[in-house]
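Nothing in this text is a laboratory measurement; each read-out follows from the coordinates by a stated rule. Here the structure is a predicted model, which is why all the values come from computation and not from measurement. Cβ coordinates were reconstructed from backbone atoms using ideal geometry, including for glycine residues, and neighbour counts include every protein chain displayed.
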Amino acid sequence: FLTGVRLVEVTEITNSSGMVRIAAHVIAKIAGRIALSVPGVIGMDSDLSDTISQAIGVECTNGVHVSVNEAGASINLYILVKHGVRIPDLALTVQHKVKEEVHKETNVPVETVNIYVQGIIFDNEKAGDNVGR
């Protein structure tokens, strides 16, 4: 067991042209960008998710955890939502869009997309005001 060393998870895709290696943090950046493009998602809660990631050794980028195994990627998104949005509908939309787009952009199968709503942002707040509460 190595203390203070973070192992970077990588997935390998082999096709007739050769091999492609994609690091988990690249998948995390793509997933975060896609989640933020969904209307109603105001931001990502990076404080809590980064703390959890460090404790369990999972790759994390700005409120997105990604772990990769031979079956594909598992993605956890820690999001902040706009007040008045129906959360179950928003979560289903984010799950579907992230799963579809990450697979389309990387050719990595996505096993799961878990959504954790970390806060609701009212019109008079900024996303950074609610992080960590």
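Tell me, what is a quarter of the convex hull surface for the C-alpha atoms of region 64-125, in nm² with one decimal? Walk me through the numbers before you get to the answer.
Details: hull surface 17.9 nm².
Average of the hull's projected areas for region 64-125 equals 4.5 nm².
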Charge context of V102, other residues only, Cβ under 13 angstrom, K/R +1, D/E -1: +1
